[in-house]
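I have placed the structure first, in the form of C-alpha cells, so that the comments after it can refer back to it.
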Amino acid sequence: PHLAALVLARGGSKGIPLKNIKLLAGVPLIGWVLRAAIDAGVFHSIWVSTDHDDIEKVAKQFGAQVHRRSPEVSQDSSTSLEAITEFLNHHHEVDIVGNIQATSPCLHPSDLIKVADLIQKEGFDSVFSVVRRHQFRWSEVKKGENKMTEPQNLNPAKRYRRQDWPGELYENGSFYFAKRHLIEKGYLQGGKMAYYEMRAEHSVDIDIDIDWPIAEQRVLSFGYFGKEPLKEVKLLVCSIDGCLTNGRIYVTEDHKEMVSYDYRDIVGIDLLKKRGIQVRLISDRDCSKTLSAMQLGCVVNVSVTNKLQVLKDWQEDMGLSWKEVAYLGNEESDVECLKQAGMSGVPADACAAAQKAAGYICKSRGGCGAVREFAEHIFLLLEKVNSARKQ
C-alpha cells in the first residue's frame, strides 16, 4: 500500500502570520517535521498541502512534493479532513495518509517508523499520537451557577503521588494516520484504532506566540537534527564580507578602505575561543590590512578563489570530521562550504542560494550580530551533545 506523509500548511494562520515557515531555532517550522518524515524512510511520497507560494518554496527546499490546495479548503473554517480528502481526490495512488502536524517540531523518525508498522503490518485502520499527563481534573462551574466543583479523576481525600499514578492519555496532535477507505467515510479516527504514545519531551505543539521561545529551547534539547549524531564543534570558519561585516566598503579620498563591524560579533569570537573552538576567517577579496587593524587573532585566508578547497585543507590539517566543522557564509561562493560543514549558518540577509544550503538562518543581518548569534547556537548544540554523552 502506498503510504504518503501529508503536512497541511495553510498560509493564513491567524495566530502567527506564516507560522509554518517562521524560523524555529534557525530552521523553518515545517522543516523539522519534513526532515523527520524523510529520514524515517517509510513513506512512498511526502507532500505539503498549501495555498501559499512561500510555503511551497520552503517545502520543495526540504525535499517534499507540493499539492496546491483549492481556495475552498483554505478558509479559516476549513477542516483538516476536508483538506486531506481533497488531496486524496487528486492522488488516487495513495492508500494510507500520515497526516503530520507542522506544529510538532520535536517529532522523531523513530516514532513514524513504529506507527507505519502498526498500520501496515498489524492491520490497524487508524493510529494517532498521544502523550501521558499527570494532571488532576475538576468539573467546571460557570459564573453565576450555585454549584460546587467536583473531582473528575481523583479522590481529594486520597490523592495519588505522581509515581503511584500512571496518569492519563491525551491526544497531542502530532500525527493522525488513516487508511483511504476510512477518510472517504469522513473519519480520521475509526475502524480498528490504536494510539501511539510519544515521549513527553517530544510532545511540543505551537499554537500561540508565547509558545515560540519555549519551543526553541525544547527543540534544541529534544529535536531531531539528522541521521548522524551531533559532535562537538572544534572549528568555525566565517566568511568576512557579509557575515563579520555588513558587506559595505567605504573608500576614502586617498583610496583606503573602511568597513564596519559589530562589537557583539567580536565578543562572540572571543567566547568561541574560550570554549576551545578555533575561529578562522575567509574572504574572496584581499582585506588583510583591514583585518590586521581589527586585531582578531584568527587564522585568515584572503583572495580565495576556491573556498571549499581551503575549508577541506583546514579540516584535514586539524584532523577533524566534517561534523566537527561549522561554517558561516552568505554568498553563492559559500554554498558548497555550507553543504559540506556539519553545522552551517547564514545571516538573515544572505542570498537565496546560501539560505537554501544552510542549516541555520540567523535573525541578525551580516555585520549586525550574526556571528554572535551563530556562536550562541553552537553553544546550545554543544549542551545537547554533552547531555547525550551523560545519558
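For residue 27, are the conditions met, namely being open to solvent by less than 10 Å² (accessible area, probe 1.4 Å) and farther than 25 Å from residue 189 by Cα?
Working: open to solvent by less than 10 Å² (accessible area, probe 1.4 Å): yes; farther than 25 Å from residue 189 by Cα: yes.
Yes, satisfied.
Can you pull out the strands (runs of 3 or more DSSP E) entirely within the stretch 248-334 that have at least 2 residues that are assigned by the TED database to the domain that holds residue 374 and open to solvent by 90 Å² or more (accessible area, probe 1.4 Å)? Give the derivation first.
Details: elements: 278-282, 299-301, 325-328.
So the answer is none; nothing clears 2.
Farther than 20 Å from residue 175 by Cα, open to solvent by 50 Å² or more (accessible area, probe 1.4 Å) and assigned to a loop (DSSP other than H, G, I, E, B): which single residue out of 76, 54 fits that description? Break it down into steps so the answer makes sense when it comes.
Working: 54 fails: assigned to a loop (DSSP other than H, G, I, E, B).
Checking each option against the conditions leaves just 76.
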Self-check item: Out of 338, 328, 291, 320, sole residue that is of a type in the set (A, V, I, L, M) and in contact with an Asp or Glu (Cβ under 9 Å, 6 or more places away or on another chain)
Solution: 328
Quiz item: Hey, residue 353 hits all of (1) part of a helix (DSSP H, G or I); (2) open to solvent by 60 Å² or more (accessible area, probe 1.4 Å) but one; which does it fall short on?
Solution: (2)
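Residue-wise test of (1) acidic (Asp, Glu); (2) within 18 Å of residue 268 (Cα to Cα); (3) in contact with a Cys (Cβ under 9 Å, 6 or more places away or on another chain).
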| site | (1), (2), (3) |
| --- | --- |
| 288 | no, no, no |
| 301 | no, no, no |
| 307 | no, no, yes |
| 329 | no, yes, yes |
| 354 | no, no, no |
| 365 | no, yes, no |
| 368 | no, yes, no |
| 372 | no, yes, no |
| 375 | no, yes, no |
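Inspect all residues belonging to the stretch 134-154 and state whether any of them is touching a strand residue (DSSP E or B) at 6+ places or on another chain (Cβ under 9 Å), open to solvent by 80 Å² or more (accessible area, probe 1.4 Å), outside any helix (DSSP H, G or I) and in contact (Cβ under 8 Å) with a residue 40 or more places away in the chain. Full working, then the answer.
First pass over the stretch 134-154, keeping only residues touching a strand residue (DSSP E or B) at 6+ places or on another chain (Cβ under 9 Å): 134-139, 149-154.
Remaining after also requiring open to solvent by 80 Å² or more (accessible area, probe 1.4 Å): 135, 137-138, 150, 152.
So of that shortlist, the ones also outside any helix (DSSP H, G or I) come out as 135, 137-138, 150, 152.
Still in the running and in contact (Cβ under 8 Å) with a residue 40 or more places away in the chain: none.
Among the residues of the stretch 134-154, not one is touching a strand residue (DSSP E or B) at 6+ places or on another chain (Cβ under 9 Å), open to solvent by 80 Å² or more (accessible area, probe 1.4 Å), outside any helix (DSSP H, G or I) and in contact (Cβ under 8 Å) with a residue 40 or more places away in the chain, which makes the answer no.
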Quiz item: Among (1) assigned to a loop (DSSP other than H, G, I, E, B); (2) out of contact with any Asp or Glu (no Cβ under 9 Å at 6 or more places or on another chain), where does residue 106 come up short?
Solution: (2)
Exercise. Report yes if some residue within the stretch 352-369 is of a type in the set (A, V, I, L, M), within 16 Å of residue 277 (Cβ to Cβ) and out of contact with any helix residue (DSSP H, G or I) (no Cβ under 6 Å at 6 or more places or on another chain); otherwise report no.
Key: no
Practice problem: Give just the number: which of (1) modelled with pLDDT of 90 or more; (2) open to solvent by less than 70 Å² (accessible area, probe 1.4 Å); (3) closer than 24 Å to residue 301 by Cβ does residue 245 not satisfy? | Solution: (1)
Quiz item: Of the residues that make up the stretch 162-172, is at least one part of a loop (DSSP other than H, G, I, E, B), polar (S, T, N, Q) and out of contact with any Phe, Trp or Tyr (no Cβ under 6 Å at 6 or more places or on another chain)?
Solution: no
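Rundown of residues vs (1) surrounded by fewer than 17 Cβ atoms within 10 Å (Cβ to Cβ); (2) outside the structural domain of residue 8 (by the TED database); (3) more than 20 Å from residue 223 (Cα to Cα); (4) touching a residue at least 40 places away in the same chain (Cβ under 8 Å), yes/no style:
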residue: 35; (1), (2), (3), (4): no, no, no, yes
residue: 50; (1), (2), (3), (4): no, no, yes, yes
residue: 64; (1), (2), (3), (4): no, no, no, yes
residue: 72; (1), (2), (3), (4): yes, no, yes, no
residue: 112; (1), (2), (3), (4): no, no, no, yes
Practice problem: Check the stretch 182-194 and report whether any residue there is in contact with a strand residue (DSSP E or B) (Cβ under 6 Å, 6 or more places away or on another chain) and in a strand (DSSP E or B). | Solution: yes
Self-check item: Residues satisfying the stated conditions in the stretch 21-51, i.e. among the charged types (D, E, K, R), under 24 Å from residue 345 (Cα atoms) and either in contact with a Pro (Cβ under 7 Å, 6 or more places away or on another chain) or not in a helix (DSSP H, G or I) (or both)
Solution: 22, 39
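Can you say whether residue 157 is of a type in the set (Gly, Ala, Ser), touching a Pro at 6+ places or on another chain (Cβ under 7 Å) and either at pLDDT below 95 or outside the structural domain of residue 129 (by the TED database) (or both), as far as the supplied structure shows?
On the way: of a type in the set (Gly, Ala, Ser): yes; touching a Pro at 6+ places or on another chain (Cβ under 7 Å): no; either at pLDDT below 95 or outside the structural domain of residue 129 (by the TED database) (or both): yes.
No; evaluated as a whole, the condition is false for this residue.
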Quiz prompt | Residues within the stretch 262-318 that are under 22 Å from residue 373 (Cβ atoms) and among the hydroxyl-bearing types (Ser, Thr, Tyr), tallied | solution = 2
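Is it fair to say residue 7 is outside the structural domain of residue 348 (by the TED database) and either in contact with an Asp or Glu (Cβ under 6 Å, 6 or more places away or on another chain) or in contact (Cβ under 8 Å) with a residue 60 or more places away in the chain (or both)? Let's see the steps before the verdict.
Values: outside the structural domain of residue 348 (by the TED database): yes; either in contact with an Asp or Glu (Cβ under 6 Å, 6 or more places away or on another chain) or in contact (Cβ under 8 Å) with a residue 60 or more places away in the chain (or both): yes.
So residue 7 fits the description; yes.
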Quiz item: Condition test on residue 176, is it free of Cβ contacts under 8 Å to residues at least 12 places away in the same chain and either on the phi > 0 side of the Ramachandran plot or touching a Leu at 6+ places or on another chain (Cβ under 8 Å) (or both)?
Solution: no
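The values are calculated or read from the model by the stated rules, or taken from the named source; none is laboratory data. As the structure is a computational prediction, the values presented were derived from the model and not from experiment. Cβ sites come from the backbone with ideal geometry, for glycine too, and all protein chains shown count toward neighbours. These accessible areas exclude ligands, DNA and RNA; they are computed on the full protein's heavy atoms, side chains included. Shrake-Rupley method; radii C 1.70, N 1.55, O 1.52, S 1.80 Å.
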